[in-house]
1. Which residue fluctuates most in the GNM of chain A (Cα springs below 10 Å): A:256, A:116, A:206?
2. Using a probe radius of 1.4 Å on heavy atoms only, what accessible surface per residue do you get for the range B:7-176? Whole Å² is fine.
3. Applying the Karplus parametrisation 6.51 cos²θ - 1.76 cosθ + 1.60 with θ = phi - 60° to the phi angles of the range B:125-142, what ³J(HN,Hα) value in whole Hz is obtained for each residue in order, glycine and proline being reported as x?
4. Modelling each spin label as a point 7 Å along the Cα-to-Cβ direction, I'd like the residue A:293/residue A:54 distance in nm, to one decimal.
5. What is the Å³ per residue value for the convex hull set by the Cα atoms of the range A:126-257?
6. May I ask for the accessible area buried between chains A and B, both sides summed, probe 1.4 Å, to the nearest 100 Å²?
7. Output needed for the range B:1-139: three equivalent-ellipsoid semi-axes, defined as square roots of 5 times the C-alpha gyration tensor eigenvalues, in descending order, whole Å.
8. Suppose every Lys and Arg Cβ carries +1 and every Asp and Glu Cβ carries -1, with no other charges. What dipole size does the range A:51-308 come out with about its Cα centre, to the nearest 20 debye?
Amino acid sequence: MAHKSASIILPSEITSEALFHDRRAVLAMGLAGAALGAATPLTALGDIPAERYKAARNARLSVTETPNSFEEISGYNNFYEFGTDKSDPAANSRNFKPLPWNVTVDGECEVKGSFALEDLLAPQTLEERVYRMRCVEAWSMVIPWVGFPLAELLKRHKPTSKAKYVAFTTLNDPKQMPGQRERVLDWPYVEGLRIDEAMNPLTLLAVGVYGKALPNQCGAPLRLVVPWKYGFKGIKSIVRISFVEQQPRTSWSHAAPNEYGFYANVNPAVDHPRWSQATERRIGGSLLARRQATLPFNGYADQVADLYKGMDLRRNF
Amino acid sequence: MFISPALWLAAGALGVAGVSLGMDPVRSLVHENGTMALRMLVATLAITPLRQLTGHSDLLRLRRMLGLFAFFYALLHLSSWVVFDQGMDLQMILSEVVKRPYLLVGLSAAMLMLPLALTSTTAAQRWLKRRWTQLHRLTYVIAVLAVWHFWWQVKKDLREPIAYAVIVTVLLGWRVWKRPRAAKARSAPATTQGTA
Ligand code: HEM
């Protein structure tokens with residue numbers, strides 16, 4: 001991470017009304033001299049150079065299973081903002097514009113404001129992490145994400161002692177997200193984590209997959225990845241990150257509280273009312289492939305089980 | 001015409017003729033066959049009102065075929081789930097059916113279709129006479145169970161099950177509305193096959 005030398009022009013400083021605030025916030029954070037401006041040619045406003053996504057793999061935090069193909073990862077998605085069928089997101093997100101992108105950080109923290117995505121990324125070293133992804137619908141994939149630990153971003157914004165939870169919000173824009181024209185869910189989509197979950201080193205903010213920018217249907221340009229939780233916790237196309245004191249009202253747990261909990265930790269012992277969570281079908285297997293056993297915390301128990309010590313995980317599902 | 005979805009699914013399952021069942025072929029099989037079963041069932045129910053509206057009595061032959069196709073797709077739907085989704089794990093299948101009411105409802109619908117399929121021949125129709133008509137009124141129960149099953153397994157987006165529920169309500173409502181006339185017709189001499 002580079003610091004200092006406030007004279008370097010950030011892409012976001014090519015002034016516009018809306019971006020004025022970003023710059024102030026960035027200066028306040030002391031990130032103004034971040035390597036980005038110096039190391040890369042100035043591109044169109046809000047662009048992120050393709051090389052940034054070619055990140056080295058963090059082998060320690062990656063699984064060794066073979067990742068799913070890019071076609072699978074980008075062709076089979078639950079992203080109701082673009083429709084409820086799993087092929088809808090790929091079909092209906094073609095005209096979505098992920099860049100330029102701004103993220104508002106607010107709530108119980110010292111460094112608040114609206115930030116251009118490239119400025120949020122500037123101080124980060126991106127890394128590749130191959131994670132398991134277990135959907136609450138009992139199917140799974142293995143995905144080579146490109147991103148950075150959420151904790152690093154959160155710390156830069158200096159949460160106060162009142163920050164007990166972090167709430168995330170997806171863009172609300174029915175023009176670009178045709179699924180939002182139907183009230184299938186209470187838009188905009190909201191997700192949340194307890195602050196210690198958010199700070200866990202496994203919790204990732206992803207901006208890419210397979211060494212490239214996220215396809216729109218995968219939550220471009222910025223999404224959450226929490227590998228020990230069901231996929232719906234991984235909120236996509238994030239425009240707001242808020243530090244809050246109360247547990248946020250998250251979309252699925254609000255829509256069907258008896259089916260989807262706030263915690264949504266992968267747990268083979270607690271069934272969904274309509275299907276078993278004991279096993280999962282790995283996407284990409286042959287028609288005759290057997291279902292495989294689902295692991296507690298999706299196989300990440302060593303890293304995260306401690307977060308829930310003393311909690312009744314049947315009740316807090 | 002009604003068989004082509006099944007041929008397409010078979011081609012996809014075998015990976016021939018460039019047909020693909022998408023990223024999750026097991027789900028596609030369960031989904032497509034279930035949807036076809038429901039559509040065929042609704043089409044079966046639509047025949048009697050159509051016949052009464054248009055006076056085309058040869059529609060009755062179509063009705064038998066549609067009903068048998070509904071049964072055929074329900075069997076494919078059930079077996080896709082048993083063979084590919086559950087991997088024929090009998091213990092798992094039993095515990096799932098017992099634990100998930102929507103499966104029990106679907107299974108009841110499929111079971112009730114069996115006697116109807118077995119008595120679908122003209123010979124059986126002649127043999128059972130009035131009782132055939134009564135027996136085949138089970139179709140109404142099956143349709144309600146099928147929509148209920150569909151409704152219950154949906155995660156959140158209820159638009160499709162609502163659409164089917166409306167269609168089935170209209171088709172069954174038509175029969176209730178027409179009943180006085182049918183009763184009158186029955187007391188008259190020499191009515192032909194029933195109104196099921
Ligand atoms: C008349 C009989 C039946 C009809 C018309 C029917 C129809 C349907 C329909 C339309 C769907 C929704 C498909 C989708 O959107 O994915 C469905 C789903 C399903 N049905 Fe059936 N079904 C019948 C019987 C059965 C039986 C006997 C079983 C197994 C015991 C069964 C198991 C399932 C399963 C597992 C699903 C998918 C649930 C999910 O994806 O979570 N159905 N059925």
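1. Among A:256, A:116, A:206, the largest GNM mean-square fluctuation belongs to A:256.
2. 53 Å²
3. Calculated HN-Hα couplings, in order: 4, 5, 5, 8, 6, 4, 5, 4, 4, 4, 4, 6, 5, 4, 3, 5, 4, 4 Hz.
4. 4.2 nm
5. Value for the range A:126-257: 108 Å³ per residue.
6. Chains A and B together bury approximately 2400 Å².
7. 30, 20, 12
8. Magnitude of the dipole: close to 200 debye.
The values are calculated or read from the model by the stated rules, or taken from the named source; none is laboratory data. The shown structure was predicted, so the numbers you read here are calculated from the model rather than taken from an experiment. Heads up, the Cβs are rebuilt from the backbone with ideal geometry, glycines too, and the neighbour counts pull from every protein chain shown. Protein only, heavy atoms only, side chains kept; ligands, DNA and RNA dropped before computing areas. Shrake-Rupley method; radii C 1.70, N 1.55, O 1.52, S 1.80 Å.
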